[in-house]
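Participant: I have a structure here, written as structure tokens, and I will follow up with some questions on it.
Taken together, the values in this text are just the output of simple stated rules run on the coordinates, not laboratory data. Here the structure is a predicted model, which is why all the values come from computation and not from measurement. With ideal geometry, Cβ positions are generated from the backbone for all residues, glycine too; neighbour counts draw on all protein chains shown.
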Amino acid sequence: MKLKVITSNPGKVAEYARSFSELGIEMEHLRLPYDEIQTSDLSEVVSKGMDEIVSKGVRDFIVDDSGLFIDSLGGFPGVWSAYAQKTIGNRGILKLMDGAGNRGAEFRCCIGCDIAGERIIVTGICKGSITDSERGSEGFGFDPIFTHDGERTFAEIPIEEKNRISHRGNAIRLLTEELKKKGLAERSADP
Ligand code: ITT
């Protein structure tokens with residue numbers, strides 16, 4: 001099976017490349033801009049984006065809309081994560097969190113997959129917390145300020161380990177289960 005991964009984010013490409021090679025799925029990276037509508041629901045963004053991509057004649061692809069949802073900020077930056085990352089960045093997020101007692105947060109990753117004329121949408125979650133400072137040089141985006149185990153940030157662990165526990169890794173596992181149910185994938189995504 002071959003899937004196009006449609007994203008402008010090289011960090012995501014690296015994670016899909018690793019997971020898909022373990023699953024025996026051939027991957028092609030495609031940069032194809034599509035509109036991301038303003039809504040509070042990641043799966044709606046994905047679904048509308050998929051409509052646009054299919055209308056351009058592209059099939060057998062995945063798109064990924066992700067975000068960081070911080071408890072004490074009422075879920076911000078959430079669906080505005082890309083904008084927050086570009087404007088205030090990790091330092092700005094840490095500033096907003098100054099003195100916050102509750103540092104709980106979760107990453108969510110919604111994958112939309114168009115395959116063999118069918119559509120599958122899944123969402124993976126990873127719970128954790130926001131650190132007091134930026135740490136590590138692996139990964140991308142909010143990885144230096146997010147910890148799942150309360151010790152190391154996502155930027156301090158190798159990509160294979162991040163994929164085993166992350167929102168994106170969990171979404172890929174849910175997607176593979178759906179593909180298997182439809183007889184479209186053979187290998188299991190279990191770690
Ligand atoms: P595409 O929409 O082109 O795929 P993007 O970077 O705009 O790329 P998103 O809208 O899904 O992707 O991501 C929102 C923001 O969240 C963006 O700044 C990402 O860098 C960040 N982000 C997404 N997944 C992440 C992860 O696994 N670790 C850290 N930051 C992440």
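Participant: Using Cβ contacts closer than 10 Å as the measure, can you line up Tyr16, Tyr83, Tyr34 from fewest to most?
Facilitator: Sorted ascending by nearby Cβ count, the order is Tyr83, Tyr34, Tyr16.
Participant: Most mobile of Ser43, Ser166, Ser137 per a Gaussian network model of the chain (Cα springs, under 10 Å)?
Facilitator: For the chain, modelled as a Gaussian network with Cα springs under 10 Å, the answer is Ser137.
Participant: If you build a Gaussian network model of the chain, linking Cα atoms that sit under 10 Å apart, which residue out of Asp35, Asp65, Asp143 swings the most?
Facilitator: So, out of Asp35, Asp65, Asp143, the one fluctuating most is Asp35.
Participant: Using unit Cβ charges (K, R positive; D, E negative) and no other charged atoms, how large, in debye to the nearest 20, is the dipole of the chain about its Cα centre?
Facilitator: Computed charge dipole of the chain: roughly 160 debye.
Participant: Which cross-chain or sequence-distant (5 or more) residues have an amide H under 5 Å from the amide H of Thr7, H modelled 1.01 Å from N in plane?
Facilitator: Result for Thr7 returns Leu30, Leu32.
Participant: Given a Förster distance of 25 angstrom, what is the FRET efficiency for Lys182 paired with Phe140, based on the Cβ-Cβ distance and rounded to 0.05?
Facilitator: In this case the efficiency is close to 0.20.
Participant: Find the centroid of the Cα atoms in region 1-70 and in region 95-128, then give the distance between the two in whole Å.
Facilitator: Here the answer is 14 Å between Cα centres.
Participant: Here's something else I'd like to know. Please name which of Ser8, Leu73, Gly124 has its Cα lying farthest along the dipole of the chain towards the positive end, using unit charges on Cβ (Lys, Arg +1; Asp, Glu -1) and the Cα centre as origin.
Facilitator: Ser8
Participant: From the cross-link list Lys2/Lys182; Lys12/Lys86; Lys127/Lys162; Lys4/Lys56; Lys12/Lys162; Lys2/Lys180, which pairs have alpha carbons spaced over 18 Å apart?
Facilitator: none
Participant: With a ≥ b ≥ c taken as the square roots of the eigenvalues of the C-alpha gyration tensor of region 34-91, please select rounded if a/c is under 1.5 and otherwise prolate if a/b is larger than b/c or oblate if it is not?
Facilitator: Verdict is prolate for region 34-91.
Participant: For the chain, state the average projected area of the convex hull of the C-alpha atoms over all orientations, rounded to one decimal in nm².
Facilitator: 10.1
Participant: How many percent of DSSP beta bridges within region 1-151 run antiparallel, rounded to 5?
Facilitator: 75
Participant: Where the convex hull is taken over the Cα atoms of region 30-143, what is its projected area averaged over directions, in nm²?
Facilitator: Mean projected area of the Cα convex hull: 7.7 nm².
Participant: Let me ask you something else. Of His29, His148, His167, how do they rank once you tally other Cβ atoms within 10 Å and put the fewest first?
Facilitator: Going from sparsest to densest Cβ surroundings: His29, His148, His167.
Participant: Related question: With +1 on each Lys and Arg Cβ and -1 on each Asp and Glu Cβ, and nothing else charged, work out how big the dipole of region 90-191 is about its Cα centre, in Debye to the nearest 20.
Facilitator: With only Lys, Arg, Asp and Glu charged at Cβ, the dipole is about 260 debye.
Participant: Rg and Dmax of region 2-76, using alpha carbons, in Å: what are they?
Facilitator: Considering region 2-76 through its Cα atoms, Rg and Dmax are 13.9, 42 Å.
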